[in-house]
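These notes concern the structure reproduced below.
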Amino acid sequence: MTGRSLERAEAELREQCAILLDDAHGFGVLGPGGRGTLARFEVSSPRVIYMATLGKAAGVSGAFIAGEADIVETLVQRARAYVYTTATPPLLAHALLESLELVRREEWRRDRLRELVRQLKARLQVRRWRLEPADTAIQPPIIGANAEAVAVAEALARGGLLVPAIRPPTVPAGTARLRISLSAAHVPDDVERLVAALNALQ
């Protein structure tokens, strides 16, 4: 195979590849109407398999996968975790429909969340740690050492603040972090209380 034909074959292969996007933190939060990362960046492609949880912004449980009809049908017929699970209870399905309507209609919730994220980033005095860039409800200050991350989480818990430590193998070695989870149900005073505690612990 010549160099030119190899390049052509690689280009054709890239065009046939699908991308699986796990938008657990973006669905319900980012983009117009909370439609997620794809909507935020105005991306539309039959090659994208879109997956998100229903247990965060939608406030119920479960998850979904959206994609081209043949992809969805393949998963329905062959995904063992789906094939051997029970159906969603009708009550939960109805609650989800109502929740999706709230997600679509109530932009104020996303506005409040964005304000709380901005407040956290502006007020947190990151010295030894670093705060990863994120526009969603999950804000992860990276501490590094497992023992320190656990110690900080425990100190926060003693003060009545639930901010779990996330450690390897969930995250790469040396990047233990806190998982700050904000929501539209929080108020600025909640963020101020958390920031004051974090700033005192650094």
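Read-outs: derived from the displayed coordinates by stated rules, not from any lab. Predicted, not measured: the structure shown is a model, and the values here were computed from it. FYI the Cβ positions are ideal-geometry reconstructions off the backbone, even for glycines, and counts take in every protein chain you see.
Size of the dipole of segment 3-105 about the Cα centre, Lys and Arg at +1 and Asp and Glu at -1 on the beta carbon, nothing else charged, in debye to 20?
On the way: 11 positive and 12 negative charges, 39 e Å.
I would put it at about 180 debye.
In this Cβ point-charge picture (+1 for Lys and Arg, -1 for Asp and Glu), segment 107-201 has a dipole of about 180 debye about its Cα centre. Loop sites by DSSP among the chymotrypsin sites (Phe, Trp or Tyr not before Pro) of the chain, restricted to those with at most 13 other Cβ atoms within 10 angstrom, leave 85-202 as the longest stretch without any of them. Taking a Cβ cut-off of under 13 Å around Ala196, the surrounding Lys, Arg, Asp and Glu residues balance to a net charge of -1, with basic ones at +1 and acidic ones at -1.
Relative to the Cα centre, what is the charge dipole magnitude of the chain, using +1 at the beta carbon of each Lys and Arg, -1 at the beta carbon of each Asp and Glu, and rounding to the nearest 20 debye? Walk me through the numbers before you get to the answer.
Values: 26 positive and 23 negative charges, 133 e Å.
It works out to roughly 640 debye.
Given the options Ala52, Gly67, Thr170, identify the residue whose Cα lies farthest towards the positive end of the charge dipole of the chain (+1 on Cβ of Lys, Arg; -1 on Cβ of Asp, Glu). Comparing the listed Cα positions along the dipole, Thr170 ranks first. Taking θ as phi - 60° and the Karplus parameters 6.51, -1.76 and 1.60, the scalar couplings of segment 174-187 work out to x, 10, 4, 8, 9, 10, 7, 10, 8, 8, 5, 7, 6, 10 Hz in sequence order, x denoting glycine and proline. Between Tyr84 and Glu107, the distance separating the two model label sites (each 7 Å from Cα on the Cα→Cβ line) works out to 4.7 nm. Projecting the Cα positions of Leu6, Thr37, Leu113 onto the charge dipole of the chain (unit charges on Cβ atoms of Lys, Arg, Asp and Glu, taken about the Cα centre) puts Leu113 furthest along the positive direction.
So if I take the centroid of the Cα atoms in segment 3-79 and the same for segment 93-156, what is the distance between those two points in Å? Going from one Cα centre to the other spans 23 Å. Candidates Gly26, Ala122, Asn199 compared by Cα position along the dipole of the chain: farthest toward the positive end lies Asn199, with charges placed on Cβ.
Here volume of the Cα convex hull per residue in Å³ was calculated from the structure, and among (i) 120; (ii) 128; (iii) 195 it sits at label (iii).
Loop by DSSP (not H, G, I, E, B), at most 15 other beta-carbon atoms within 10 Å: where is the longest site-free stretch of the chain for GluC sites (Glu not before Pro)? Don't jump to the answer; show the numbers that get you there.
Details: sites that count: Glu42, Glu68, Glu106.
In short, 107-202.
Taking trypsin sites (Lys or Arg not before Pro) as exposed when DSSP calls them loop and at most 14 other C-beta atoms lie within 10 angstrom, the chain has its longest site-free stretch at 48-126.
Amide H contacts under 5 Å for Ile180: Gln139, restricted to partners 5 or more places along the chain or on a different chain, H placed in the peptide plane at 1.01 Å from N.
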